[in-house]
Amino acid sequence: MRHIISMADLTVTEIDELIATSQDIIISPVKYREACRYKKLATLFFEPSTRTRLSFEAAMYELGGQVLGFSEASSSSAAKGESVADTIRTVCCYADIIAMRHPKEGAPTVAATHASVPVINAGDGGHNHPTQTLTDLLTIKLEKGRFEGLTVGLCGDLKFGRTVHSLVHAMCRYPGVRFVLVSPEELKVPSYVKIPLKEGSVPYEQNTDLVSVLPELDILYMTRVQRERFFNEDDYVRLKDSYILTPEKLAHAKAGLSIMHPLPRVNEISTEIDQDPRACYFRQALNGKFIRMALILKLLEVSV
Amino acid sequence: MNIDSIKNGIVIDHIKAGQGMKVYDFLDLGKLNCSMAVIQNASSNKMGKKDIIKIDSALDVDLNALGYIDPNITINIIQDSVRVMKYHPELPETITNIIRCKNPRCITSTEQQLPHVFRLTDRQKDEYRCVYCESRASR
């Protein structure tokens with residue numbers, strides 16, 4: 001039995017296999033529609049989510065399985081003070097696999113310690129979110145057909161965004177990948193994120209100006225600059241609009257650019273861009289379902 | 001000051017002066033019924049001053065965990081009044097309930113019954129991280 005708490009729980013080969021399975025699911029969905037018949041997925045969401053919870057549930061339904069769970073802590077016994085360990089022991093009586101989101105960092109590790117069924121971390125605060133990283137990798141594979149030789153721009157809050165850190169870590173193992181890290185000084189990537197880049201001699205540049213680097217990019221991964229990350233309001237007001245992607249800025253980009261975003265967005269990508277074929281963030285949300293289907297199959301050890 | 005030598009037990013030597021009671025608490029020595037001495041500020045050629053603990057009983061604990069407190073400590077194992085082993089404790093791979101995670105976002109901040117477990121992540125830098133949230137331990 002396996003748990004997936006962070007990307008470190010998967011080998012490079014396993015990540016490639018999950019992507020390959022997802023691609024097969026996309027081509028032949030009918031083949032998989034009974035794969036998890038009579039199996040139950042428990043979605044334990046101690047804090048709200050739209051995409052992650054619904055994509056897990058859709059994934060299980062499309063595999064022929066069933067879903068039970070809760071979508072906020074207030075509708076579970078956590079509201080009465082029940083521990084994560086006791087909740088998990090209970091849920092293991094009813095479900096074959098668990099997807100869990102919790103606001104506290106490390107809660108899925110506690111869950112995995114007490115679980116008799118596989119646990120998937122569906123996000124623990126700002127800590128780990130492995131299925132988002134898998135979703136991002138699948139999206140890059142589908143949009144570009146490859147990982148090698150891509151110039152990947154990451155823009156916005158690169159300091160606190162663990163999704164960005166995890167993606168950098170996952171992508172830097174492919175040859176020819178180059179990173180362009182665009183953020184305000186206050187939100188630059190922490191030094192430990194750059195360690196694998198330096199160790200692997202992976203080229204990267206840091207910049208505060210999005211427009212000047214846009215022409216170079218094959219992928220632009222946008223994140224939200226959040227007000228609460230700034231120490232003073234003046235800095236936030238000064239910086240917030242510089243990282244809003246508009247059609248005018250996009251005019252400088254390659255025709256083959258892929259614009260990604262983990263969503264939800266607030267205003268960092270203008271809605272006018274949604275119709276642009278380069279915008280792939282809603283396709284990215286769809287891919288989240290396919291990769292979660294592949295992950296459920298793997299952890300339930302179902303072969304199709 | 002004269003303290004009897006021990007027959008079968010442990011002498012924990014070269015404890016940094018002032019740290020003796022920390023080691024005493026860490027090993028929970030107060031629960032033992034055997035003869036024991038905590039010597040503070042003993043003179044030492046090497047250290048100037050040091051603390052020493054003598055325990056006249058075999059202890060069933062992982063003394064390597066002392067490596068987290070101070071890897072320069074010397075552990076002497078005594079059998080039939082003869083020292084049969086002398087070593088410095090290595091940094092333990094994990095330490096449990098010795099230090100507490102200070103990350104307010106960590107699950108240990110809300111679930112009081114959870115053990116505070118830290119794993120050695122970098123032996124060169126003596127770096128330990130919380131097994132739950134991966135925050136670095138602050139000494």
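The values are calculated or read from the model by the stated rules, or taken from the named source; none is laboratory data. Quick caveat: nothing in here was measured; it's all calculated off a predicted structure. Here Cβ is always computed from backbone atoms with ideal geometry, including for glycine, and neighbour counts include all displayed protein chains. Just so you know, the surface numbers come from the protein's heavy atoms only, side chains and all, with ligands and any DNA or RNA stripped out. Shrake-Rupley method; radii C 1.70, N 1.55, O 1.52, S 1.80 Å.
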| query | Taking chain A as a Gaussian network, Cα atoms linked when under 10 Å apart, which of A:T52, A:T139, A:T271 shows the biggest mean-square fluctuation? | reply | A:T271
| query | Which helices, taking whole DSSP H runs in chain A, have alpha carbons extending 24 angstrom or more along the helix axis plus mean Kyte-Doolittle at least -1.0? | reply | A:281-299
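At a 1.4 Å probe radius, carbon and sulfur cover how many percent of the accessible area of the protein assembly as shown?
Of all accessible area on the protein assembly as shown, carbon and sulfur atoms account for 48 percent.
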| Roughly how many Å² of A:D274 are accessible to a 1.4 Å probe, to the nearest 10? | 40
| request: Report, by chain and number, residues whose modeled amide H sits under 5 Å from the one on A:Q206, excluding near sequence neighbours (fewer than 5 apart, same chain). | output: A:L181
| task | Work out the length of the dipole vector of region A:161-304 about its Cα centre, built from +1 on the beta-carbon of each Lys and Arg and -1 on the beta-carbon of each Asp and Glu, and round it to the nearest 20 debye. | result | 640
| query | Nearest 100 Å², what total accessible surface is buried between chain B and chain A (probe 1.4 Å)? | reply | 900
| Residue mean of other protein chain beta carbons inside 10 Å, A:118-125 | 1
| message | Let's see if you can work this out: charge +1 on each Lys and Arg Cβ, -1 on each Asp and Glu Cβ, no other charges. What is the dipole magnitude of region B:1-126 about its Cα centre, in debye to the nearest 20? | response | 420
| Estimated inter-spin distance, A:S75 and B:I98, nm [label 7 Å along Cα→Cβ] | 4.5
| field | Choice from B:N76, B:N103, B:N41 showing the highest fluctuation, given a GNM over chain B with Cα pairs closer than 10 Å | value | B:N103
| Excluding ligands, DNA and RNA, what is the solvent-accessible area per residue of chain A at a probe of 1.4 Å, expressed in Å²? | 42
| request: Please state, as a whole number in µm²/s, the translational diffusion coefficient that the Stokes-Einstein equation yields for region A:130-284 at 10 °C and 1.306 mPa s, with Rh defined as the Kirkwood radius across alpha carbon pairs. | output: 102
| message | Please check region B:105-135 for residues whose accessible area, probe 1.4 Å, is lower by 30 Å² or more when all protein chains are in place than in their chain alone. | response | B:R105, B:I107, B:E111, B:Y132, B:C133, B:E134
| request: Mind jotting down the distance between the C-alpha centroids of region A:136-151 and region A:244-299, whole Å? | output: 13
